[in-house]
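Peer 1: My questions will all concern the structure given below.
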Amino acid sequence: MIVPLKEEFQLNFDEGLQLMRASLYMQGYSPQTEIWSDQPFFFPALLSLWFSIVGKSVFSARLLTVTFSALLIWFFFETIRISLGIFPALIGAISLAASSGFIRFSSAVMIGIPSLSLAVISIYFLFIYKKSKQKYLLIISGVLFALSLKIKFFTVFLIPIILLVLFDVNKINFESNQKPRSKLMYPLLLWIISLVVIFLIVSLLFNELSYQQLFGTHFGEEIQAAFTMKNGFEKLSKVIINKDYYLFSLAIFGILVVFVRHRWEGIFPVAWLGTGTLLILNHRPVWPHHYCLIAIPMAWLAAYASVPFFDLFQQREFRLGNYFWASISLILMIFALLTLKPKVSKDIPSLQKNYEPQFAVINRLIEHKNSTKWLFTDVPIYGFYADLLVPPEIAVFSTKRIKTGQLTQDEVYELLVKYRPEQILIGRFKGFIYTSSDVDSYINKFYSKSNDISAVDHYILKSLK
């Protein structure tokens with residue numbers, strides 16, 4: 001089963017946002033000051049560098065995400081192998097790869113998987129450090145986690161958990177002098193300094209020291225009013241009940257294994273799962289890709305769920321309790337295996353019957369490409385396919401931006417007047433755009449509609465007809 005990287009027109013609306021931000025950056029437009037963005041700019045900058053090496057296309061962009069996904073699976077496997085061995089690590093890696101939405105998001109041009117990938121690699125180096133005590137591993141870990149935050153800030157909740165791992169309170173002798181305790185603080189401070197320095201350097205490079213755009217659409221009264229609290233609980237419960245019930249069962253059993261059998265290194269994924277779940281339940285809005293935040297620790301705990309079964313082969317004497325735990329472990333793994341293939345088949349993006357209407361739009365855009373400087377659109381992936389730029393202020397034309405008032409109808413009208421785009425394409429937010437009398441009258445006055453285009457509303461400047 002192969003994800004249709006080339007054939008699928010658009011795996012998610014966010015693909016167009018990332019692709020257009022990268023295109024504008026390649027043309028010399030500056031992040032934040034010119035290109036409006038509510039997410040850190042490291043990934044679009046990395047994507048533009050990738051384009052300069054392998055070529056600019058949707059397919060090549062998806063290959064970059066697939067590369068991050070492969071790194072995520074590999075380092076996730078290696079992290080588990082350090083503590084549990086090869087076979088539980090395989091169970092964990094397979095469970096993650098088969099978790100709901102992972103296949104789609106592992107190939108879509110979105111920022112969630114790249115951010116999580118760097119976070120997991122950072123955690124891998126952290127676990128290696130705990131064994132070898134080589135200080136340079138802490139620096140690598142801190143740097144990678146800073147880059148994870150500069151792709152998407154949603155991994156920030158892992159920092160307290162990581163700091164608790166570094167600050168091993170069990171080794172503190174409170175009756176001793178200050179010097180031994182300072183040695184325990186040194187790894188923690190080294191990791192934090194590495195993270196902060198790289199975070200600030202990258203922020204400076206992309207004009208992100210002011211966080212008005214980055215936080216405006218994520219926090220505040222507008223976002224609280226625009227999206228309901230039950231959104232997170234509903235989406236989380238639906239995914240678990242309808243798709244990942246097997247993974248949830250393994251994770252619950254894995255938690256029991258951690259506490260009952262004293263596998264204390266498993267506290268890390270337990271804490272991750274608990275914190276991530278609370279984050280999703282209290283965050284507004286919750287999107288499908290947020291589920292990956294808890295799919296990773298659930299898959300990690302699924303590896304712990306397999307430990308009693310694999311440990312049984314190393315047992316030298318008969319113990320009834322061990323056979324009981326191993327039996328439950330085996331039953332849950334068989335159950336997961338039986339549901340794996342049909343579940344993964346459903347998660348693979350299915351090819352739409354016919355993408356001819358979408359590509360007819362692209363061909364129409366290309367017809368007037370030589371006389372077009374700007375394409376005004378709320379679906380920027382069309383502009384990317386046609387190699388046309390959208391005004392940098394609307395590189396991110398999203399539901400969240402509209403609902404939080406970060407983009408108003410008056411601003412849309414002002415941008416139309418400012419750029420006087422040669423072509424307009426409206427397909428996603430027709431109600432928002434057309435209900436503005438200024439925008440509607442402006443379009444009708446200066447543009448002609450392409451009546452033979454059905455997928456979206458396409459307009460061309462009358463002077464070009």
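Peer 1: Of (1) more than 30 Å from VAL307 (Cβ to Cβ); (2) assigned to a helix (DSSP H, G or I); (3) of a type outside the set (Phe, Trp, Tyr); (4) at pLDDT below 90, THR67 satisfies all except one. Which?
Peer 2: Among (1) more than 30 Å from VAL307 (Cβ to Cβ); (2) assigned to a helix (DSSP H, G or I); (3) of a type outside the set (Phe, Trp, Tyr); (4) at pLDDT below 90, THR67 violates only (4).
Peer 1: Looking at (1) surrounded by 18 or more Cβ atoms within 10 Å (Cβ to Cβ); (2) in a loop (DSSP other than H, G, I, E, B), can you tell me which one GLU7 breaks?
Peer 2: That leaves (1) as the condition not met.
Peer 1: Being open to solvent by less than 60 Å² (accessible area, probe 1.4 Å) and free of Cβ contacts under 8 Å to residues at least 12 places away in the same chain is true for just one of SER69, SER57, SER23. Which residue is that?
Peer 2: SER57
Peer 1: Tell me, yes or no, whether the stretch 148-155 has at least one residue that is open to solvent by less than 40 Å² (accessible area, probe 1.4 Å), within 25 Å of LEU5 (Cα to Cα) and touching a Gly at 6+ places or on another chain (Cβ under 7 Å).
Peer 2: yes
Peer 1: What single numbered condition from (1) over 21 Å from THR79 (Cβ atoms); (2) out of contact with any helix residue (DSSP H, G or I) (no Cβ under 6 Å at 6 or more places or on another chain); (3) among the hydrophobic types (A, V, I, L, M, F, W, C); (4) buried (at least 20 other Cβ atoms within 10 Å of the Cβ) fails to hold for LEU332?
Peer 2: Of everything listed in (1) over 21 Å from THR79 (Cβ atoms); (2) out of contact with any helix residue (DSSP H, G or I) (no Cβ under 6 Å at 6 or more places or on another chain); (3) among the hydrophobic types (A, V, I, L, M, F, W, C); (4) buried (at least 20 other Cβ atoms within 10 Å of the Cβ), LEU332 misses just condition (2).
Peer 1: Might you check whether a residue that is touching a strand residue (DSSP E or B) at 6+ places or on another chain (Cβ under 6 Å), modelled with pLDDT of 90 or more, buried (at least 20 other Cβ atoms within 10 Å of the Cβ) and not polar (S, T, N, Q) occurs anywhere in the stretch 404-416?
Peer 2: Checking the stretch 404-416: not a single residue is touching a strand residue (DSSP E or B) at 6+ places or on another chain (Cβ under 6 Å), modelled with pLDDT of 90 or more, buried (at least 20 other Cβ atoms within 10 Å of the Cβ) and not polar (S, T, N, Q).
A quick yes/no check of all residues on (1) in contact (Cβ under 8 Å) with a residue 12 or more places away in the chain; (2) open to solvent by less than 10 Å² (accessible area, probe 1.4 Å):
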residue: ILE240; (1), (2): no, no
residue: SER249; (1), (2): yes, no
residue: ILE255; (1), (2): yes, no
residue: VAL258; (1), (2): yes, yes
residue: GLU265; (1), (2): yes, no
residue: LEU273; (1), (2): yes, no
residue: GLY276; (1), (2): yes, yes
residue: PHE310; (1), (2): yes, no
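Peer 1: Tell me which residues, restricted to the stretch 417-441, are surrounded by fewer than 16 Cβ atoms within 10 Å (Cβ to Cβ) and not small (Gly, Ala, Ser).
Peer 2: Once the filter is applied, which keeps residues that are surrounded by fewer than 16 Cβ atoms within 10 Å (Cβ to Cβ) and not small (Gly, Ala, Ser), the stretch 417-441 yields VAL417, LYS418, ARG420, LYS430, TYR434, THR435, ASP438, ASP440.
The values are calculated or read from the model by the stated rules, or taken from the named source; none is laboratory data. Because the structure is predicted, anything quoted here is derived from the model rather than measured. As a convention, Cβ positions derive from the backbone with ideal geometry for all residues, glycine included, and neighbour counts pool all protein chains shown. The protein model used for the area step is the full one, side chains on, heavy atoms only, and it has no ligands, DNA or RNA in it. Shrake-Rupley method; radii C 1.70, N 1.55, O 1.52, S 1.80 Å.
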